[in-house]
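The values are calculated or read from the model by the stated rules, or taken from the named source; none is laboratory data. Every value quoted in this text rests on a predicted model; they were computed, and no experiment measured them. Positions of Cβ are backbone-derived with ideal geometry, glycine not excepted, and every protein chain shown enters the neighbour counts. Calculation scope for accessible area: heavy atoms of the full protein, side chains included, ligands and nucleic acids excluded. Shrake-Rupley method; radii C 1.70, N 1.55, O 1.52, S 1.80 Å.
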Amino acid sequence: MISKMLQKARDFEKKYLPYTVSELPKFHVTGGIGWINDPNGFAPYKGEYHLFFQYYPYDTKWGPMHWGHVKTRDFIRWERLPAALAPDMDYDRDGVFSGSALELPDGRHLLMYTGVRNIRRRNGKLESVQTQCIAYGDGVDYEKFEGNPVIDASLLPEGGSMEDFRDPKIWREGDTYYAVIGDRCEDDSGTILLYRSKDAQHWEYVSVLSACHNQYGRMWECPDFFRLDRKDVLFVSPQDMAAIGLEFHPGNANVCLIGTYDRKTYHLNRDSVQAIDYGLDFYAPQTLLTDDGRRVMIAWMQNWETSSCKMRELRFMGQMTLPRELSIRNGRLYQNPVRELENYRRILIDYHNVLINGEATLRGIYGRSIDMTVTIRPGNENNMYKWFRLYLARDGENFTFIRYRPEVGTIKVDRTHSGFPHDIVNVREFPAYMKDGVIKLRVIMDRYSLELFVNDGEQAASFVLYTPIEAGAVSFSSDGSVLIDVEKYDLVID
Ligand code: FRU
């Protein structure tokens with residue numbers, strides 16, 4: 001049965017979606033209309049990959065959360081499906097928050113999410129009651145389980161918080177379902193709780209998989225836990241993070257913990273901790289395992305800090321990153337655009353060994369929907385260049401640049417002049433080092449975004465651009481002599 005509230009959202013989509021098509025990115029997921037945040041339920045189902053997202057169709061700002069829905073076969077071309085869930089039950093009346101999905105052995109599509117209900121206490125304080133709920137469906141329509149919620153405060157460990165208890169990520173091992181859920185413990189900081197169940201309806205609390213102890217931010221949102229290249233990996237999105245060097249920026253950050261999962265204590269023993277993405281716009285990543293064994297991640301390409309910064313007259317707010325293939329090399333997380341992107345490359349323009357010393361442009365190198373790799377080497381081994389800059393989305397007024405400084409080993413991306421007239425954070429700097437004397441920048445642009453992959457995925461950084469779409473020039477500049485190779489494709493999705 002489709003509730004009135006869900007029907008209203010679906011009718012609204014039918015009416016208004018067709019008008020936004022020309023404004024949208026070509027291959028990055030948006031809500032089409034209205035607001036989106038976190039990816040939800042990113043998982044294979046019946047031979048396709050489904051993606052849901054936090055969604056409020058009626059405005060370009062956050063509102064009572066629904067789940068929007070799209071699916072794809074190749075992570076590039078997406079088909080829009082009608083909104084899947086609305087906050088239409090008493091236990092989720094204040095929001096159907098983030099969660100995940102799974103194909104059940106009987107062919108049904110299981111969704112697991114956080115239901116939010118705010119209660120006004122006698123002392124006037126508004127308290128959020130967050131519980132975990134499930135719904136069953138066929139890939140289009142979903143029915144919430146009559147036994148919801150399936151995990152509530154009674155299954156919290158001592159000191160756990162019912163107010164910050166959200167974002168279940170479910171998976172199956174043999175005949176057992178597991179879920180990791182973000183919570184806050186006695187010391188007021190984030191903790192990732194592990195639960196298990198035989199039927200996804202009756203759950204028991206298992207352990208604290210990992211805890212923050214006020215080291216990496218406060219509440220840990222949107223956990224994801226998976227095995228990758230013989231390591232165990234936990235992703236979390238901390239709130240209220242303090243900056244740590246150039247590795248972690250303050251505010252809503254993103255953290256990757258790599259280690260070994262002790263299956264006796266159900267605890268993750270950490271080897272290392274690093275940022276997942278160094279850009280301004282990246283939060284709440286979620287992954288899936290493809291049929292051919294790839295771990296693919298997608299994230300919200302936005303950040304709460306700048307989420308009130310809407311792009312002028314556009315009728316959508318929020319987009320997802322390009323799905324990325326993950327791997328671990330030398331103990332580090334690597335990420336690269338899904339290989340399917342290569343099927344959409346058209347018209348190669350390439351240059352080899354171009355000497356840059358000062359300002360330059362190259363014929364044919366421009367665009368706002370491009371896949372471009374620039375490989376940079378010193379032009380003079382005895383006199384290292386001071387910096388190299390790659391300018392993008394440029395016209396007389398606007399530009400975004402990526403700067404590399406070999407002596408310090410940092411990349412800076414600056415979008416101060418990228419169309420947004422507010423004094424928000426517009427610059428990010430992060431460590432990056434030459435390999436065999438070379439630094440390699442792969443840039444993917446899709447109208448209003450820039451995703452940068454350094455040295456074949458050793459670092460990634462995502463940025464929303466607000467620059468008018470006509471600003472498409474690309475230029476190069478350096479202090480000192482530099483030799484570059486450039487390989488540029490247009491990305492065309494018919
Ligand atoms: C993260 C988050 C989640 C929550 C959702 C609400 O961005 O705060 O913790 O489930 O957004 O929209």
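Mean sequence separation of contacting Cα pairs (under 8 Å, at least six apart), scaled by the length of the chain, corresponds to a relative contact order of 12 percent. For segment 332-408, the pair-distance distribution built from all alpha carbon pairs, in bins 10 Å wide starting at 0, is 12, 40, 36, 12, 0 percent.
Eigenvalues of the alpha-carbon gyration tensor of the chain, scaled by 5 and square-rooted, set the equivalent ellipsoid semi-axes at 39, 25, 21 angstrom, largest first.
In order along segment 480-490, the Karplus-derived 3J(HN,Hα) couplings, from 6.51 cos²θ - 1.76 cosθ + 1.60 at θ = phi - 60°, round to x, 9, 9, 10, 10, 10, 10, 10, 10, 10, 7 Hz, and Gly and Pro are given as x. From its DSSP helices (H runs of at least four residues, each -39,500 (n - 2.57)), the chain gives a residue-normalised ellipticity at 222 nm of -1000 deg cm²/dmol. Other residues lying with their Cβ under 13 Å from the Cβ of residue 167 contribute a combined charge of -2, Lys and Arg counting +1, Asp and Glu -1. With respect to the chain, whose longest principal axis is taken over its alpha-carbon atoms, helix 4-16 is tilted by about 20°. Ranked by the mean number of other Cβ atoms within 10 Å of their residues, highest first, the peptides 62-75, 335-348, 31-44 fall in the order 31-44, 62-75, 335-348. Taking only alpha carbon atoms, segment 344-491 gives an Rg to Rh ratio of 0.94, where Rh is the Kirkwood radius.
Here segment 4-340 is assigned +1 on the Cβ of each Lys and Arg and -1 on the Cβ of each Asp and Glu. Its dipole about the Cα centre then comes out at about 600 debye.
Measuring how big segment 90-149 is from its alpha-carbon positions, Rg and Dmax come out at 13.9, 48 Å. Positive end of the dipole of the chain (Cβ unit charges, origin at the Cα centre): among 45, 323, 99, the Cα lying farthest that way belongs to 323.
Legend: residues 456, 224, sorted from most to least accessible area (1.4 Å probe; ligands, DNA and RNA excluded), read 456, 224. Could you tell me whether segment 184-256 comes out rounded, prolate or oblate from its Cα gyration tensor? Rule is a ≥ b ≥ c as square roots of the eigenvalues, rounded for a/c under 1.5, then prolate if a/b exceeds b/c, otherwise oblate. Oblate is the answer for segment 184-256, as a/c is 1.5 or above yet b/c matches or exceeds a/b.
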